[in-house]
1. Taking the Cβ of PRO63 as the centre, find all other residues whose Cβ is under 14 Å away and add up their charges (Lys, Arg: +1; Asp, Glu: -1).
2. Check which residues have an amide H placed less than 5 Å from ARG51's amide H, if you skip close sequence neighbours.
3. Show me, bin by bin at 5 Å from 0, the whole-percent P(r) of segment 48-94 based on Cα pairs.
4. Once you put a point 7 Å from the Cα of HIS79 and another 7 Å from the Cα of ARG194, both along the Cβ direction, what distance in nm separates them?
5. Between LYS117 and THR223, what's the calculated FRET efficiency when r is the beta-carbon distance and R0 is 45 Å? Round to 0.05.
6. In which sequence would ARG80, ARG33 go, from the one with the fewest C-beta neighbours within 10 Å to the one with the most?
7. Translational diffusion coefficient, Stokes-Einstein: compute it for segment 26-155 using the Kirkwood radius over C-alpha pairs as Rh, at 4 °C and 1.567 mPa s, and state it as an integer in µm² s⁻¹.
8. Which of SER221, SER11 comes first, and how do the rest follow, when ranked by fewest Cβ neighbours within 10 Å?
Amino acid sequence: MEPIDKPLPLSLRWAGLLAAQGIRAWMSTLEYRALHYDRSLDAQLGCDQPRIYVFWHEYILVPLYLRGHCDLAMLLSKHRDADVLARMAYHMGFDCVRGSTNRGSTAALLDMTRRGKHMHLTITPDGPRGPRRKLAIGPVYLASRTGLPIVPLGFGADRPWRAGSWDRFAVPRPFSQVRGIIGPAVHIPADLDRDELEVRRQGVERLLTDLTLESEEWAVSGTRRQGEEIVRPQARALRLQQVVSISDAPATVTLADVAAEDAAPVLRISA
């Protein structure tokens, strides 16, 4: 795991370490269950190829707790208010790339492209300033440029406390239920023009929103679902493994054109 970019004052380094310990203790009281479109897409399993995982900023505590030490590089803002978060993510087992669409975007894109050759990438596509649940073009452009598939992660908690921030940041209540749905791999073609990228952006945004809303309804309902799995945090570091042959590779999902702004994304399954 690479160190974060710049040295931080000792107070911020201690704050990041203490925050990581506090988040682990808090989040360890929760019950986690998940559904997978394809279990091989879970970064915890040591997948055969890098992927770009996206989830809404308000639920960042969930993957921070559950998917550290899974060979993931997380894109975080260069704003000063993200310094402690970056240090906390580092202590919880993530590499961190600092940048945003407004500041440091070119350097961050180059860094993510480089890391995407040998590790997974994860992005909160509505961060760092919103609007809430509005997917920025960055991950779609990155997927088109690198050939890495996007895997949307929908999370939901049972009536979490909500902050007054732009994203209505979710703080799960102790001993409550958290649910997640790991969506299908979405492949973005290369060499798309601006309009074609926007079509794909809208489709990924709707898919991620749908998975999040379904996870939230599931968490509140308290029901059991066929195929659900208990989820626990990763205990040790994983690295990508070339373990899947071409003939055994799972089906992939391609996001087709969306005819209208209000239409649901059309998914085409191909072997």
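The numbers here are math on the coordinates, done by the rules we state, and not lab data. Note that the structure is a prediction, hence the values are computed from the model and not measured. Glycine also receives a Cβ, built like all others from the backbone with ideal geometry; neighbour counts cover every protein chain displayed.
1. Result for the neighbourhood of PRO63: +1.
2. Amide H neighbours of ARG51: HIS120, LEU121.
3. 5, 18, 32, 29, 12, 3, 1, 0
4. 2.6
5. Once rounded, the FRET efficiency stands at 0.60.
6. ARG80, ARG33
7. Diffusion coefficient, whole number: 87 µm²/s.
8. So the ranking, lowest neighbour count to highest, is SER11, SER221.
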